[in-house]
Amino acid sequence: MKEQGFTVWFTGLPSSGKTTVAKLLEKELRARGLKVERLDGDIVRRSLSKDLGFTKEDRDKNIERVTFVAKLLTRNGVAVLTSFISPYREKRDQAREEIGRFVEVYAKCPVEVCMRRDPKGLFEKALAGEIENFTGISDPYEEPLNPEVVIETDRERPQESAAKVIAKLEELGYIPKVAPEGGVYPDRVYSREEEKAIDERLRALGYI
Amino acid sequence: MKILVIGLDCVPPELVFDKWRGELPNLASLMGMGVYGPLESTIPPITVPAWASMVTGKDPGRLGFYGFRNRRDYSYNGFSIVTSRSLKEKAIWDYLSEAGKDVVVIGVPPSYPPKRVRGCMISCFLTPSAESPYAYPPSLKEEIQRLVGEYIFDIKDFRTDDKDNLLKQIYEMTEQRFKVVKHLLKTKPWDFFMFVEMGPDRVHHGFWKYFDPEHIKYQPGNSYENVGLEYYRFLDGKIGELLGMLDDQTAVLVVSDHGAKRMDGGICINEWLMKEGYLKLKEKPKGIARFEELHVDWENTVAWAAGGYYGRLFLNVRGREASGVIDPENYERVRDELIEKLEALGDENGKAIGTRVYRPQELYSEIRGIPPDLIILFGDLYWRSVGSVGWNTVWVRENDTGPDDADHALKGIFIMYDPRHSGGGKKVEGLHVVDVAPTVLNLMGLPVPKDMQGKAITTGEAEP
């Protein structure tokens with residue numbers, strides 16, 4: 001059977017931590033031997049969608065294009081990690097429908113915290129009126145109603161958030177539960193069979 | 001100065017220092033010429049953290065070793081088995097190798113895969129099989145194979161009722177280990193030589209009820225009544241053979257990682273958590289099921305736990321576990337509540353059993369990795385922790401994984417003979433496993449690193 005991919009769709013306010021967690025996840029999934037492609041707002045906006053602005057229409061177009069690319073990759077066995085503000089519920093739901101194996105991750109973070117972070121100085125510019133249609137300031141963000149995972153980036157370390165997504169992917173059966181040899185945990189030295197055998201031995205010895 | 005460290009897994013002071021001392025001439029003579037005393041283990045007193053603490057001089061928190069398996073993340077099933085690579089702190093042999101000393105290290109957990117040392121290393125009983133690359137340098141494996149054939153890391157099929165076969169295997173393993181030890185003692189250059197033999201631990205877990213009249217299943221006059229003593233005599237004889245090979249410039253240490261005591265029963269910790277409403281299942285298992293096989297209703301679960309010679313309890317915390325329910329603000333309150341209830345839990349008749357529950361933060365100087373939220377020593381370790389579910393009771397008198405007779409005890413043994421100073425056979429108290437690494441470096445005339453937590457034990461100290 002052909003290996004199937006999946007798309008982890010991060011959504012949330014600017015500076016809510018989507019990319020930070022996606023990068024950790026990318027590292028972990030690669031370590032587990034998966035093919036991974038990360039589609040990031042900042043990069044796509046400079047390439048695939050450089051002709052687009054930030055009106056609702058353009059934002060929708062951008063998400064449609066990303067959805068299309070994610071769909072192609074997903075059906076070809078790639079683990080796709082998208083990090084876009086993707087503020088509109090309707091577009092996210094369309095993406096879910098088209099892509100199929102879709103895990104929505106809501107990077108939940110109070111706007112004040114995002115503003116304090118503001119690594120690119122965008123909130124500052126938006127508040128000064130230099131950027132129009134800025135999500136969280138002058139454009140709405142529609143919270144997901146039923147995301148597969150909520151990461152609360154103001155209260156969790158990025159590693160904890162990434163671990164929650166990993167746990168969900170494991171639970172959904174999208175990734176194997178045990179990281180194969182050479183995983184992100186460099187301590188892993190046993191193959192899955194060996195680990196299982198040692199586990200059984202320790203159990204028989206009463207240690208666990 | 002040369003040093004031989006004889007590691008005997010699970011050997012308790014009561015048997016060697018008291019009950020069978022007169023039957024063990026070689027150990028008794030080391031005690032008589034040196035110093036000796038009970039060696040307090042780590043909490044938990046369990047093989048991997050205890051040996052690792054012993055050879056690094058650092059507590060389990062510093063090592064991030066809270067058991068054989070540790071949480072690698074906050075997922076519900078993310079446990080990793082400890083390996084030599086998870087040991088990030090330097091061990092005695094690393095310091096000695098750096099100081100230009102030749103070392104031989106055999107079977108000290110955790111040592112799979114074997115690490116590069118100035119000398120030789122054979123990995124421990126957590127080695128998958130004799131097919132695995134178990135030796136450093138790799139060519140040593142062939143040498144061992146030529147000497148003994150298939151190297152025995154541990155007993156096969158420990159949970160057996162075929163006690164004769166179990167005993168035969170234990171003797172074969174110990175015999176073979178000593179053969180390898182003698183070969184390397186003779187053929188390799190060494191300043192420091194350490195090995196760990198698992199045989200005593202396997203004898204205790206497999207046969208304690210036959211020789212301890214206080215065990216609830218003890219039957220006077222049973223055919224395995226002398227198995228314990230005979231094995232100890234055999235072991236003592238083997239140690240005598242090694243002592244006969246040493247020159248008069250060699251110090252000898254005999255150490256164990258923890259002790260042993262009879263097992264009175266098991267507390268089914270997850271059954272108890274269910275009964276108290278902390279753990280909810282989506283469906284009850286048919287028969288007895290391992291925790292990993294259960295359909296846990298995580299959204300309504302506050303705590304779950306793992307079995308073993310001690311208990312590990314985990315809390316389901318919001319923002320930490322995927323479906324966490326405990327508000328981080330209530331974390332300490334929930335822990336306190338569980339400590340109080342668990343420590344008050346008696347046996348099936350309500351009789352107090354003396355359970356102690358620890359917060360990792362109160363045990364260790366530092367916490368690395370992800371510790372359990374609580375560490376439980378049930379009934380002063382006369383009771384084990386049973387993780388499986390389906391017993392419909394909290395108290396069992398059988399182990400969930402098959403017959404077992406002994407639990408671990410908090411104190412192991414320490415014997416040190418230094419040819420330069422007589423210890424006068426003095427018994428010393430207050431020794432701890434983290435003292436062993438500083439003791440070895442001190443004997444070798446090397447400085448003890450400041451970050452080692454133990455203190456060097458000397459024979460001089462024992463003199464009046």
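A short reminder: the numbers here are calculations on the coordinates, not readings from a lab. These numbers come from a predicted model, not from an experiment. Neighbour counts run over all protein chains shown; Cβ positions are idealised from the backbone, glycine included.
Take each residue of peptide B:122-133, count the partner chain Cβ atoms within 10 Å of its Cβ, and average: the result is 2. Between the helical axis of A:56-75 and the dominant principal axis of chain A, each derived from Cα atoms, what acute angle in degrees is found, rounded to the nearest 10? That helix lies at roughly 20 degrees to the long axis. How big is the gap, in Å, between the Cα center of the stretch B:55-92 and the Cα center of the stretch A:41-68? Centre-to-centre (Cα) distance: 46 Å.
If you wrap a convex hull around the alpha carbons of the stretch A:6-177, what volume per residue comes out, as a whole number of Å³? Kindly include the intermediate steps, with their values, before the conclusion.
Details: hull volume 18.2 nm³, N = 172.
Each residue corresponds to 106 Å³ of Cα convex hull volume.
Per DSSP H run of at least 4 residues, take -39500 (n - 2.57); add these up for the protein assembly as shown, divide by its residues and hand me the 222 nm value, nearest 500 deg cm²/dmol.
Working: 21 runs with 221 residues, N = 672.
So the calculated ellipticity at 222 nm is -10000 deg cm²/dmol.
The Cα center of the stretch B:378-392 and the Cα center of the stretch B:201-254 differ in position by 27 Å.
Tell me, what is the percent relative contact order of chain B, built from C-alpha pairs under 8 Å that lie six or more residues apart?
Values: 1030 pairs, mean separation 128.8, N = 464.
28 percent.
For the pair B:Asn330 and B:Glu348 in one chain, pulling the backbone fully straight at 0.36 nm per residue adds 3.4 nm over the alpha carbon distance.
Highest mean first, the peptides B:38-46, B:152-160 sorted by other C-beta atoms within 10 Å per residue fall in the order B:38-46, B:152-160.
Note on the protein assembly as shown: Cα convex hull, mean projected area over all directions, 33.6 nm².
Taking neighbour counts of Cβ atoms within 10 Å as a proxy for exposure, in what order, fewest first, do A:Leu172, B:Leu374, B:Leu281 appear?
A:Leu172, B:Leu281, B:Leu374
Computed over the stretch B:265-403, the P(r) tail beyond 22 angstrom holds 36 percent of alpha carbon pairs.
Per residue of A:153-165, what is the mean number of Cβ atoms on other protein chains within 10 angstrom of that residue's Cβ? Mean partner shielding for this stretch: 3. Rounded to the nearest 10 degrees, the angle from helix B:199-211 to the longest Cα principal axis of chain B is 70 degrees. Relative to the longest principal axis of the Cα atoms of chain B, helix B:331-344 runs at roughly 80 degrees.
The mean number of Cβ atoms from other chains found within 10 Å of a Cβ in peptide A:189-202 is 5, as a whole number.
Calculate the tail of P(r) for the stretch B:346-464: the fraction of all Cα-Cα distances greater than 17 Å, expressed in %.
Working: 5029 of 7021 pairs.
The calculated P(r) of the stretch B:346-464 puts 72 percent of pairs beyond 17 Å.
Averaging Cα coordinates gives a centre for the stretch A:76-151 and one for the stretch B:105-158; these two points are 53 Å apart.
For a Förster distance of 25 Å, can you work out the FRET efficiency between the beta-carbons of B:Leu446 and B:Arg146, rounded to the nearest 0.05?
Efficiency, rounded to the nearest 0.05: 0.10.
Of all lysines in the structure, those lying under 19 Å Cα to Cα from B:Lys261, and not within fewer than 8 positions of it along the same chain, are B:Lys19, B:Lys209, B:Lys217, B:Lys411.
For the pair B:Asp248 and B:Asn300, what calculated FRET efficiency results from E = 1/(1 + (r/R0)^6), where r is the Cβ-Cβ distance and R0 = 56 Å, to the nearest 0.05? Don't jump to the answer; show the numbers that get you there.
Values: r = 68 Å, r/R0 = 1.21.
That gives a FRET efficiency of 0.25.
At R0 = 56 Å, how high is the FRET efficiency between B:Lys217 and A:Lys23 if r is their beta carbon distance? Nearest 0.05 is fine. E between B:Lys217 and A:Lys23, to the nearest 0.05, is 0.45. Kirkwood-type hydrodynamic radius, chain B: 23.0 Å, calculated from all non-identical alpha-carbon pairs.
Test of understanding: ordering B:His421, B:His408 by Cβ neighbours within 10 Å, fewest first, what list do you get? Mind dumping the intermediate values first?
On the way: B:His421 17, B:His408 30.
Neighbour counts put them in this order, fewest first: B:His421, B:His408.
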